[in-house]
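Structure, as C-alpha cells:
Throughout, read-outs are computed from the coordinates displayed, never taken from laboratory work. Treat the numbers as computed from the prediction; the structure is a model and nothing was measured. We place every Cβ from the backbone using ideal geometry, glycine too, and count neighbours over all the protein chains shown.
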Amino acid sequence: MNTPALTITQASCADDYDPNSMPVAKARAFIHQFLAPIESTARVPIRSALGRVLAEDVLTPVDVPAHRNSAMDGWAMRGADLNADAEATLQEIGASFAGRPFGGSVAAGQCVRIMTGGVVPEGADTVVMQERAKANGKSVTFAAGQKTGQNVREAGEDLKKGSVALKKGRIVRPAELGLIASLGISGDKPVFVTREAAQDVSFKVLPETVLTAGARYARYYGGTDAWSWSAGASQYFKGGMIAYRFTSYDIEHLGHSVGHLGSFKLNDRGGSSQLWVGHGTSIHDAEFLPVPQRGTYTSAELKRSQKLTPDIALNVGLRRSWYDTPEANYHGTGIHLGLTFGFQPRSTPIDEARNPSEGRSQSGSR
C-alpha cells in the first residue's frame, strides 16, 4: 500500500501560524500600557532578600578573582622559557596552593608547582597543566607546543572592582544570594515593595503635650506580609523635651516583636544635646534553624548639635548597640559627624508690596 504524498493543505505543526498576528515586541508594549511600575522600596537583611527584586544595582567591592591565579593543576613559569617545537626542562623552586601562595619570584629556567586557584607567583605568566609535564625530582620537563599566558586567570577577569555584579530589577534567587555573600557584602539591601500603606497622626492634647499614633502595612515579593503600629507621647518644657514611643511588629511566618524608644533633649545657648535609648525584641530565621529565633536589642545614642553660625550647626553623635540572639551576641559602636544648614527667608520689596499692612507696621515702629 502506497502512502499518499503530503500536500501543503494537510495538517502540520504550522497550522496555528497567522501572518497577521501581533509581533511579540508589540504585544509586550501593549501589555506594558496596563502595568503600573512599583516604586516603593524597603531595606532588608541579605538573608531575607531571597525571592525579592533588587531596587538598585549591586556593585562588587573587590576584584573577582582577587588575584591572578591558575586555572589548572600544574606548574607556573615564564612563557619565554618554553619552546614551541621542542621540550623544555625547568627547575622547580617551590609551590603555590589556593590560600597559601609562593612567597618568592620565578626567574629564568625556574618553575613553581601550582594548584587550581593558586596565586601565580611574581615573574611567571604561564601555567602548564600537569598532564603535559613529567617530573623527575625537582627537574620538570614540559611538552612542546605550549603558549605564553595559557591557563592563567587575571585578577578581575570575572568582575572588576566597582562594576555591576547584579542589576536593578534582578530577582534574588539562590544563585544571586550566593554571589552577594561571596563578594563579602553585608548589611541591608534595598528591594522593591509590592504593596505598602502607612498613616501617622498627631494630637495636641495640652499646650505642651503631643500624642502620636501610626500604622503601616507592606507586602514584599515572595508574598511576605508585615504589619506594625506605634503610639507615643512628647512633653515639651522650657529648654527641652522628653518623648517615648512604643512600636509593635508582626511579620508573616516569623512572629511578633516590640520596640521601645525614649528620648530626652536639652537646649542651651550654643545648641542642644539629646539622648536616645532603645530596647526591644526581634525575630529571625535561617536555613540551619528549625524554628524562628527570638533575640533582644538595646541601643543608646548621644548627640550634640553645636551652632557654628546662626544658620550652620555641627552635629556629633556616639552610638552603642547590643544585639543578643541564642546563637551569638553582636555589639557595635558608631560615631558620626555632620553639618546642618538652615536657611531663613528674608523680606524683599516685593514681599512688602504684597503685604502693605505689614509694611506700615514696620515703618510705624521705627
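So the values come out like this:
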read-out	value
Cut-off 15 Å between beta-carbons: net charge of the residues surrounding residue 341, Lys and Arg +1, Asp and Glu -1	0
202, 257, 40 arranged by Cβ crowding within 10 Å, fewest neighbours leading	202, 40, 257
Pairwise label distance in nanometres, residue 333 with residue 134, each label 7 Å out on the Cα-Cβ vector	6.5 nm
Computed over region 69-153: relative contact order in percent, which uses C-alpha pairs under 8 Å that are six or more apart	43 percent
Likely footprinting exposure, 210, 58, fewest C-beta neighbours within 10 Å first	210, 58
Partner lysines for residue 167 [C-alpha distance under 19 Å; skip if fewer than 8 residues away on the same chain]	189
Inter-label distance for residue 100 and residue 84, nm, one decimal - labels placed 7 Å from Cα along Cα-to-Cβ	3.9 nm
Under-5 Å amide H pairs with residue 57, H placed in peptide plane, nonlocal only	168
Computed FRET value (nearest 0.05) for residue 35 with residue 182, which takes r as the C-beta separation and R₀ as 41 Å	0.75
Residues listed by number, region 247-266, amide nitrogen under 16 Å from residue 233 label point at 7 Å toward C-beta	247, 261-264
Placed amide H near residue 163: partners under 5 Å, 5+ positions off or other chain	60
Hz values of 3J(HN,Hα) by residue in region 226-240 - Karplus curve (6.51, -1.76, 1.60), Gly and Pro given as x	9, 10, 8, 9, 9, 8, x, 8, 10, 10, 9, 9, 4, x, x
Order of 189, 26 - criterion: other Cβ atoms within 10 Å of each residue's Cβ, fewest first	26, 189
